[in-house]
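Structure first, commentary second.
The values are calculated or read from the model by the stated rules, or taken from the named source; none is laboratory data. The structure presented is a predicted model; accordingly, all values stated were derived computationally and were not measured. Note that we place each Cβ from the backbone using ideal geometry, even for glycine, and neighbour counts take in every protein chain shown.
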Amino acid sequence: MNSLVVVSHSDHNSLSHHAARAIADAIKAADGSVEFADLAAEHFDPSFSQADLSLFRGNGSVPEDVTAEQQRIDRADHLILVFPMYWWSVPALLKGWIDRVFVNGWAYEFTPGSEFVKKLNRLTVHLVVVAGDDADSFARHRINEAFSTQIEKGIIEYCGATVGSTTFVHESDTKERDVLAEEVRVLAEGIAAQVSSRTTVDA
């Protein structure tokens with residue numbers, strides 16, 4: 001099974017990067033094949049440009065950088081997205097990556113008057129979300145529900161992919177480092193086990 005780990009954070013010393021590297025290492029330790037994508041270090045442009053708009057309107061070609069990202073995902077059976085939560089959602093860099101890469105003709109097929117086709121059925125997506133707030137606050141404000149509607153259903157399932165797992169690392173700014181390190185170790189090993197066994201479990 002091939003996996004692609006995508007991290008979206010500008011600080012290489014961040015908890016998001018630590019978690020992404022731990023997941024990649026755990027997959028390798030389980031004899032899995034893994035590719036690592038650091039969107040910030042690679043200077044991916046998240047701006048939805050005129051070229052992207054032309055493609056959306058059906059009269060343009062796929063930009064080269066978008067094609068490269070789609071090819072990386074095409075090589076993977078499992079896509080693992082690791083990112084901090086900003087305003088109940090994903091960072092702008094990752095949102096722009098999704099906006100530009102998960103496009104009509106590749107992630108789905110829509111033509112007026114024709115049946116809608118989901119095209120990423122082969123893909124399983126795992127979400128690792130680093131959050132500053134605690135789990136009780138998430139429950140009170142129904143953040144999990146909002147996140148599921150927006151990201152899991154609105155993006156992943158919309159394109160036909162399977163949600164393999166969603167893991168929140170809560171209290172990322174206030175917990176002791178050793179506690180966070182243990183949480184990251186457990187989640188990394190859990191995702192590696194799911195990747196290697198082809199199972200999908202909600203975390």
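Per-structure values
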read-out: One residue from Asp31, Asp65 being more than 29 Å from Glu145 (Cβ to Cβ) and either at pLDDT 95 or above or among the hydrophobic types (A, V, I, L, M, F, W, C) (or both); value: Asp65
read-out: Criterion (of a type outside the set (A, V, I, L, M), touching a strand residue (DSSP E or B) at 6+ places or on another chain (Cβ under 9 Å) and at pLDDT 95 or above) met by exactly one of Asp38, Asp45, Asp99, Asp52; value: Asp38
read-out: Meets criteria (part of a loop (DSSP other than H, G, I, E, B), among the aliphatic types (A, V, I, L, M), within 30 Å of Phe56 (Cα to Cα) and touching a helix residue (DSSP H, G or I) at 6+ places or on another chain (Cβ under 8 Å)) for Leu120; value: yes
read-out: Qualifying positions in the range 34-64 - surrounded by 14 or more Cβ atoms within 10 Å (Cβ to Cβ) and either in contact (Cβ under 8 Å) with a residue 60 or more places away in the chain or under 30 Å from Met1 (Cα atoms) (or both); value: Val34, Glu35, Phe36, Ala37, Asp38, Leu39, Ala40, Phe44, Asp45, Pro46, Val62, Pro63
read-out: Top-ranked residue of the range 77-99 - restricted to ones that are out of contact with any His (no Cβ under 8 Å at 6 or more places or on another chain) and assigned to a loop (DSSP other than H, G, I, E, B), ranked as nearest to Arg142 (Cα to Cα); value: Trp88
read-out: Filter result (under 16 Å from His78 (Cα atoms) and touching a helix residue (DSSP H, G or I) at 6+ places or on another chain (Cβ under 7 Å)) within the range 1-18; value: Met1, Ser3, Leu4, Val5, Val7
read-out: Residue in the range 155-168 that is outside any loop (DSSP other than H, G, I, E, B), over 16 Å from Leu79 (Cα atoms), modelled with pLDDT of 95 or more and not small (Gly, Ala, Ser) present; value: yes
read-out: Residue satisfying condition, being of a type in the set (A, V, I, L, M, F, W, C), crowded, with 20+ Cβ neighbours inside 10 Å and over 13 Å from the mean Cα position of the chain (by Cα), within set Leu79, Leu127, Leu120; value: Leu120
read-out: Candidate set from the range 130-143 (those that are in contact (Cβ under 8 Å) with a residue 24 or more places away in the chain and of a type outside the set (Asp, Glu)); member that is surrounded by the most Cβ atoms within 10 Å (Cβ to Cβ); value: Val130
